[in-house]
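The structure appears right after this line, and notes come after that.
The values are calculated or read from the model by the stated rules, or taken from the named source; none is laboratory data. Owing to the predicted nature of the structure, the values given are computational and were not obtained by experimental measurement. As a convention, Cβ positions derive from the backbone with ideal geometry for all residues, glycine included, and neighbour counts pool all protein chains shown.
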Amino acid sequence: MQFFQDLMPSLRLSKWAPEVIRKHLLNDETETIASLCAMMMASDGEYSSLLLAERILNAYEKLDEEGRLEFFSLLHTDYDIEVEAIKSAIGDYERNPDAGNLLRVTSASEPGRQELLRRINLTPGGTRRLVKMREHLLAAMREKPELKKIDTDFHHLFNAWFNRGFLLMEPIDWTTPAHILEKIIAYEAVHEIESWSELRRRLEPVDRYCYGFFHPSMEDEPLVFVEVALTDKVPRGIGEILKREPEVEAPENPSCAIFYSISTCHRGLAGVSFGNFLIKQVATSLKLRFPQLKTFATISPAPGFRRWIEAQAQTEESIAALLDDFDADADDNLRNELEKLAANYFLEQKNDRGRPLDPVARFHLKNGAILERINILGNPSENGMERSLGTMVNYVYDLSRVEENHEEYMKNKRIIASSQVKKALLR
């Protein structure tokens with residue numbers, strides 16, 4: 001990891017910038033963040049750009065919520081594309097479509113804020129700080145939807161900077177440095193890790209594995225991580241994974257690899273896909289290590305299910321009655337009713353883009369998984385009941401079919417599901 005970090009732009013200001021420039025550019029004079037950005041865009045020197053980038057980020061991080069909104073508004077208005085410049089460049093290209101005029105078109109079509117963000121990213125730690133800036137931007141967009149234009153630029157740049165070719169898959173175990181393990185505890189988004197002893201139960205046993213993607217410019221910050229259990233069968237509930245008694249031995253020749261938790265770590269990287277690459281790479285790595293593995297599956301939450309049920313209950317008395325009666329001790333009749341509703345939710349209910357309502361379903365189906373089984377009361381904990389009436393789902397990754405399934409889902413919006421799930425819809 002250190003080798004790759006050393007390859008990244010990590011110049012130290014004191015090493016590269018003459019002292020007189022440092023004193024001028026790093027002083028706490030009266031320049032506003034707007035004037036610093038203008039200076040940055042006018043600068044043609046590497047030293048001054050590095051120092052100005054540091055000052056811009058320092059100034060930004062002192063802003064309150066109102067100040068951040070003003071800064072984003074500045075990016076929105078002052079660093080947008082110039083329509084007349086694009087028209088002029090296109091006219092020149094139409095008359096003479098050579099390489100020079102093509103370059104003019106592409107340059108004029110790019111908002112100035114993209115170049116500003118690229119220059120800010122040059123400073124040591126700039127990428128991490130820009131990820132945090134985008135987190136603030138995503139929150140600000142709820143108040144000012146027009147800022148979506150700026151997010152388009154962030155998303156474009158982050159997709160390039162966090163290209164799969166730059167990501168490093170690293171195993172995470174009980175011997176991993178404590179400062180990284182602390183982040184695993186903090187970032188776990190599916191099944192909360194309440195203590196170090198619980199983390200140890202997830203990492204130390206010989207049948208438990210955890211892998212994360214790291215990026216050289218983010219140092220020891222995991223971008224996404226997946227927790228895996230090797231088992232003899234596909235579990236129907238999360239308790240089979242998390243509540244195994246300490247004295248129970250690991251299976252000698254496990255046939256299943258179960259991805260039971262996938263957590264993304266930075267809200268500022270929303271929409272930049274890592275999890276799909278990680279799952280496939282981990283599955284391939286485990287298959288090489290344990291050739292007897294036959295099944296790669298998940299035990300996944302259904303975070304949108306209860307919300308959908310509650311919406312249906314507003315107009316359907318039978319569903320309202322089910323919602324009132326259903327709890328962790330529900331009988332088979334209630335479970336069957338809920339399973340039929342769940343099958344309807346996963347197979348037939350779509351968003352405005354024609355995709356499943358459930359975000360976890362969209363993630364796995366897009367990655368080529370099969371909707372294998374709905375597990376009623378797979379997570380009867382208080383949190384599980386609150387989010388999804390305890391419902392969990394098994395998605396299966398057939399490594400020989402993931403590309404075909406992905407194409408079917410993306411091109412034809414087809415949900416690849418088992419006969420078991422389809423039959424539940426007909427009850």
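In table form, for the structure just shown:
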| quantity | calculated |
| --- | --- |
| Residues (touching a helix residue (DSSP H, G or I) at 6+ places or on another chain (Cβ under 9 Å) and hydroxyl-bearing (Ser, Thr, Tyr)) located in region 380-427 | Ser381, Ser388, Thr391, Tyr395, Tyr397, Tyr409 |
| Residues that are touching a strand residue (DSSP E or B) at 6+ places or on another chain (Cβ under 9 Å) and either at positive phi or loosely packed, with under 15 Cβ neighbours inside 10 Å (or both), drawn from region 393-421 | Leu399, Lys413, Gln420 |
| Elements of type helices (runs of 4 or more DSSP H) contained in region 164-265, each with 2 or more residues being without any contact (Cβ under 8 Å) to a residue 24 or more places away in the chain, surrounded by fewer than 16 Cβ atoms within 10 Å (Cβ to Cβ) and on the phi < 0 side of the Ramachandran plot | 178-187, 196-203 |
| Elements of type helices (runs of 4 or more DSSP H) contained in region 32-84, each with 1 or more residues being acidic (Asp, Glu) | 46-61, 65-78 |
| Test set (1) in contact with a strand residue (DSSP E or B) (Cβ under 7 Å, 6 or more places away or on another chain); (2) under 13 Å from Ala302 (Cβ atoms); (3) part of a loop (DSSP other than H, G, I, E, B) - Gly390 fails condition number | (1) |
| Enumeration of residues in region 217-252 that are of a type outside the set (Phe, Trp, Tyr), touching a strand residue (DSSP E or B) at 6+ places or on another chain (Cβ under 9 Å) and closer than 20 Å to Leu181 by Cβ | Asp220, Glu221, Pro222, Leu223, Val224, Val226, Glu227, Val228, Ala229, Ile241, Leu242 |
| Residue among Phe277, Phe296 that alone is modelled with pLDDT of 95 or more, more than 24 Å from Gln349 (Cα to Cα) and not in a loop (DSSP other than H, G, I, E, B) | Phe296 |
| Leading residue by the ranking (surrounded by the fewest Cβ atoms within 10 Å (Cβ to Cβ)) among those in region 124-154 that are over 19 Å from the mean Cα position of the chain (by Cα) and under 16 Å from Met218 (Cα atoms) | Gly125 |
| Any chance Leu69 is surrounded by 12 or more Cβ atoms within 10 Å (Cβ to Cβ) and either under 18 Å from Ala38 (Cα atoms) or in contact (Cβ under 8 Å) with a residue 60 or more places away in the chain (or both) | yes |
